[in-house]
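> Mind having a look at this structure? Questions to follow.
Read-outs: derived from the displayed coordinates by stated rules, not from any lab. Here the structure is a predicted model, which is why all the values come from computation and not from measurement. With ideal geometry, Cβ positions are generated from the backbone for all residues, glycine too; neighbour counts draw on all protein chains shown.
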Amino acid sequence: MTGLQDRLTPQQVEEFGREMDELRARIVADLGADDVEYIQNVIKTQRGLEVTGRALMYAGFFPPAWLAGVGALSLAKILDNMEIGHNVMHGQYDWTRDPALSSQRFEWDNVAPAENWRHSHNYIHHTYTNIVDKDRDVGYGILRIDPAQKWHPYYLGNPVYATLLAIFFQWGVMLHDLEVDRLVKGERKWSEFREERRRIGRKMGTQIGKDYVLFPLLTGPLAPLTFAGNAAANLTRNLWAFGIIFCGHFPADVESFSEEETENETRGQWYLRQILGSANITGGKLFHVLSGNLSHQIEHHLFPDIPARRYPQIAGEVRAICAKYGLPYHTGPLHKQLWSVARKIVKFALPGSGDSTPEPATVERDRTPAAA
């Protein structure tokens, strides 16, 4: 864990916070028709890909058509979850007053109910980012990913648990708000999650019925191939989402925090924690779109309710502000970030891995002397 209070003087922290507030205010004041047109075009593209993918399943007897259908449906599910669902449910388009873009009404193509996700992600994760024992995204209640998490023989299975979580990621997200690890330990009771379980049951029925009953039956004798195609598309989306999310939160040098050091946190200190607890992924425009612009995880953690399409536009300015105050700006290509995350998953599976030995850096870092 890092000492937030040791990074900058109190005056510098507040100056840093004011600069971030000013940047946010400029972007909010500039929101308009271009942002609406962008998200509407993404939605049209997603729907077109889904229709194409479903239609190609009717030609599943022809392998190239089946593969093309799986590809189109995979892209549709990725866009739905990453660039549309995640961002709309963050309230990034609530200012439009469009019911189709309302964070409270939107439901995504995922077994995790939107209402449950908004609590576990929008509130818990984005309020307590990387605070051990508060932010449940630190290890997802399954993995040891930080030295502050006490080692237990259970964590020897870290690589296996991570692999299973990647394969079944939407199901892991679904269970996230139930705090299953605490239920197993007896720290919470099933009765406390009655409403969450009701929503999960209803959403599971919808998703399983759609992907594994209705659409396969609609293709008649090709039902087994359609079933397999839908499963492949869900697997592709799961692996992609897991990779992007873990690369934004757990590479080397991304820091964690204790409850004590974040008590009575000011706005400036909150911004500082987001910078230190996040990492970006470099890539091209299509890569950023398919990642939901979570390849700009730093900017997302700073401004979660600003349309994600704006993150690439402000990344340079955020990086310059970080350099001005001598703060790191973690970024690197996908393969290096994935390797860094994999190393941590293996490292923290082992006993004696709770020391302060730093991980080898695999990401770019901007670090200049702090502003006077």
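> By average Cβ neighbour count within 10 Å, what is the ranking of 19-31, 135-147 from highest down?
135-147, 19-31
> Rounded to the nearest 500, what is the 222 nm mean residue ellipticity of the chain from helices alone, with -39500 (n - 2.57) per DSSP H run of 4+ residues and division by all residues?
After summing the helix terms and dividing by the residues of the chain, the value is -15500 deg cm²/dmol.
> Which distance in nm do the two modelled labels at GLU107 and ALA323 give, with both placed 7 Å along the Cα-to-Cβ direction?
4.8 nm
> Between LEU217 and HIS126, take the C-beta separation as r, use R0 = 30 Å, and let me know the FRET efficiency to the nearest 0.05.
That gives a FRET efficiency of 0.15.
> Show me, bin by bin at 5 Å from 0, the whole-percent P(r) of region 185-280 based on Cα pairs.
2, 10, 11, 10, 11, 13, 16, 11, 7, 5, 3, 1, 0
> Under a point-charge model restricted to the Cβ atoms of Lys and Arg (+1) and Asp and Glu (-1), what is the dipole moment magnitude of region 1-114 relative to its Cα centre, in debye to the nearest 20?
Roughly 540 debye for region 1-114.
> How far, in nm, would the chain grow between GLU14 and TYR154 when pulled straight, counting 0.36 nm per residue and subtracting the alpha carbon separation?
46.2 nm
> Relative to the compact-globule scaling 2.2 N^0.38 Å, provide the ratio for the alpha-carbon radius of gyration of the chain.
Normalised Rg, Cα atoms only: 1.01.
> Also, quick follow-up: For region 238-284, evaluate the Debye formula with one uniform point scatterer on each Cα (no solvent term) and list log10 I(q)/I(0) at q = 0.13, 0.16 Å⁻¹, rounded to two decimals.
Listed by q, the Debye log ratios stand at -0.39, -0.55.
> How are the C-alpha pair distances of region 131-177 spread across 5 Å bins, as whole percents from the shortest bin up?
The percentages, shortest bin first, are 5, 22, 31, 24, 16, 2.
> For VAL180 and GLU265, FRET efficiency with R0 = 30 Å and r from the beta-carbon atoms, rounded to 0.05?
Efficiency, from the Cβ-Cβ distance: 0.55.
> Taking a cut-off of 22 Å between Cα atoms, list the lysines near LYS210, but don't count ones fewer than 8 places away on the same chain.
Cα-Cα hits under 22 Å: LYS44, LYS77.
> List the GluC sites (Glu not before Pro) within region 187-289 that DSSP assigns to loop and that have no more than 13 neighbouring Cβ atoms inside 10 Å.
When the GluC sites (Glu not before Pro) of region 187-289 are filtered for loop state and at most 13 Cβ neighbours within 10 Å, GLU187, GLU259, GLU263 remain.
> To the nearest µm²/s, what D does Stokes-Einstein give for region 16-116 at 4 °C and 1.567 mPa s, using the Kirkwood radius over alpha carbon pairs as Rh?
Here the translational diffusion coefficient equals 84 µm²/s.
> So what does the Cα-only Debye profile of region 99-149 read at q = 0.16 Å⁻¹, as log10 I(q)/I(0), no solvent term?
-0.55
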